Amino acid sequence: MTPKTQESQAVGLEERITGALVGAAVGDALGGPVEGYTPEQILERHAGRVHGIVGPWNGDAWRTARPIAPYHKGDGHVTDDTLMTHALVRVYAQVRDHLDAYAIADHLVPDLMTNPRWIPELEAEALPLQRVFLAEKWLVARLHYGHVDPREAGVGNIVNCGAAMYMAPVGLVNAANPAGAYAEAADLAGAHQSSYGREAAAVFAAAVAAACTPDATPDSVIGACLSLAKDGTRAAIETVCEVASGFTDFESALRPLREAVTPYDTVGADYRSPSLGARRPSRLHAIEELPVALGMLVVSGGNYRHAVLGSVNYGRDCDSIATMAGALAGALGSEVPSDWSKTVAEASRLDLWEPARTLTEVTWEVFERDVHRRRSHEGAFARLRSPGCSD
């Protein structure tokens, strides 16, 4: 892949965590109103490309235009991607250590079921469970009602980006440790997903951790992903990012990136009418969202605005693509436009910065625990090397 570099920035942990979480939420809000459509449909509907926050696709008829999904997508409202991300931050705030699949059962599921919160797309206070997609409702059915072993509960769920879309906090807690983020997310996501959905969650967490490394660039992030990713997920990332390296503007990259990911995508050409083979376990396939988000990161050279707008105008599951691209660009230190973040926070009635403050505190605590655990391990090995010595 042709190298691309980004000017090195002296960005600290708190700034990277804030950039990632705020960046993910803003990307989510920008992508929501055009989710499910093609680049051509988006171009026609908006008389050009989307360059910021826009209103609902069906205008004032958003409540009834699609009765099966009567959500107010647009006008700066975040979707379930952000609701789930913030829920996972709350789990970290409770546990204050690394998470595993049991943390999903013990903390995330009760949070979704029992704590009413303001849901922007419903314009009401409700349980998050009443907004999340079927793949996330699966968590409650399997873990709360089915009492399935959390490590295996994701088996049988549709294989999609459901777990990957909210894994940024795992990468941030494991900042600069992609392998650690990959392992933690793979365990945690087992409660939600299987196959390439679980793999994508692990690789996305690793990508966010790699983006937090000092002097990280889009290419170093891709390199970290390729060093860890398996099967179709690895192949899809490599193929899409190789194509992406030939472009520097998202407009010309939209169609080539879609063509590059198509052999690995099971959904098919019509996003709203998935193929019969869609979302089934496979070692040959990958979710579409992560490779495309990484591709947009490469096209943009790590620039937040460019990466997110490319993701939004790509269409299809573009709120999740923009969530991932926004988290990665923000973690790299690219500035999230303040007018966007302010509008999204006000429209969604959310403090986008509070979860970042919380997760920063937790991340330092977890790092200190990791250092203590590592030192204890080193001490034990030192005694194994010299059994006759004592401390």
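Helix 289-300 against the longest principal axis of the chain: what's the angle in degrees, Cα atoms only, rounded to the nearest 10? Its long axis makes an angle of about 80 degrees. The stretch between residue 339 and residue 262, if pulled fully straight at 0.36 nm per residue, gains 24.2 nm over its current Cα-Cα span. Taking the longest Cα principal axis of the chain as reference, the axis of helix 13-31 is set at about 30 degrees. Computed from phi, the 3J(HN,Hα) profile of the stretch 239-256 under the Karplus parametrisation 6.51, -1.76, 1.60 (θ = phi - 60°) reads 5, 5, 6, 5, 5, 4, 5, x, 10, 10, 9, 5, 4, 6, 8, 4, 5, x Hz, with x in place of Gly and Pro. Against the criterion of solvent-accessible heavy-atom surface with a 1.4 angstrom probe, 204, 247 sort, most first, into 247, 204. As a fraction of the 1.4 Å probe accessible area of the chain, surface on carbon and sulfur atoms comes out at 54 percent. Expressed as a fraction of 2.2 N^0.38 Å, the value expected for a compact globular protein of N residues, the C-alpha radius of gyration of the stretch 1-122 is 1.33. Amide H contacts of residue 117 (H built 1.01 Å from N, in plane; Pro and chain starts excluded): 126, 127 sit under 5 Å, all sequence-distant by 5 or more or on other chains. Using a probe of 1.4 angstrom and keeping all protein chains present, the accessible surface of the chain works out to 40 square angstrom per residue. Neighbours of residue 151 by Cβ distance under 9 Å: Lys/Arg scored +1, Asp/Glu scored -1, total -4. The alpha carbon convex hull volume per residue for the stretch 249-307 rounds to 90 Å³. Does the stretch 144-294 classify as rounded, prolate or oblate by the C-alpha gyration tensor (a ≥ b ≥ c root eigenvalues; a/c under 1.5 gives rounded; else a/b over b/c gives prolate, otherwise oblate)? Oblate, since a/c reaches 1.5 and b/c is not below a/b. Temperature 4 °C, viscosity 1.567 mPa s: under these conditions the Stokes-Einstein estimate for the chain, based on its Kirkwood radius over C-alpha pairs, is 63 µm² per second.
Across 321, 53, 287, mean-square fluctuation computed from a Gaussian network of the chain (C-alpha pairs under 10 Å connected) peaks at 53.
Here the Kirkwood formula, the inverse mean of 1/r across different C-alpha pairs, assigns the stretch 63-135 a hydrodynamic radius of 13.2 Å. On a 0 to 90 degree scale, rounded to 10, what angle separates helix 80-95 from the longest Cα axis of the chain? The answer is roughly 20 degrees.
Computed from phi, the 3J(HN,Hα) profile of the stretch 163-178 under the Karplus parametrisation 6.51, -1.76, 1.60 (θ = phi - 60°) reads 7, 4, 5, 10, 8, 3, x, 5, x, 6, 5, 9, 3, 6, 10, x Hz, with x in place of Gly and Pro.
The values are calculated or read from the model by the stated rules, or taken from the named source; none is laboratory data. Please read these numbers as outputs of a predicted model, since none were measured by experiment. Positions of Cβ are backbone-derived with ideal geometry, glycine not excepted, and every protein chain shown enters the neighbour counts. These accessible areas exclude ligands, DNA and RNA; they are computed on the full protein's heavy atoms, side chains included. Shrake-Rupley method; radii C 1.70, N 1.55, O 1.52, S 1.80 Å.
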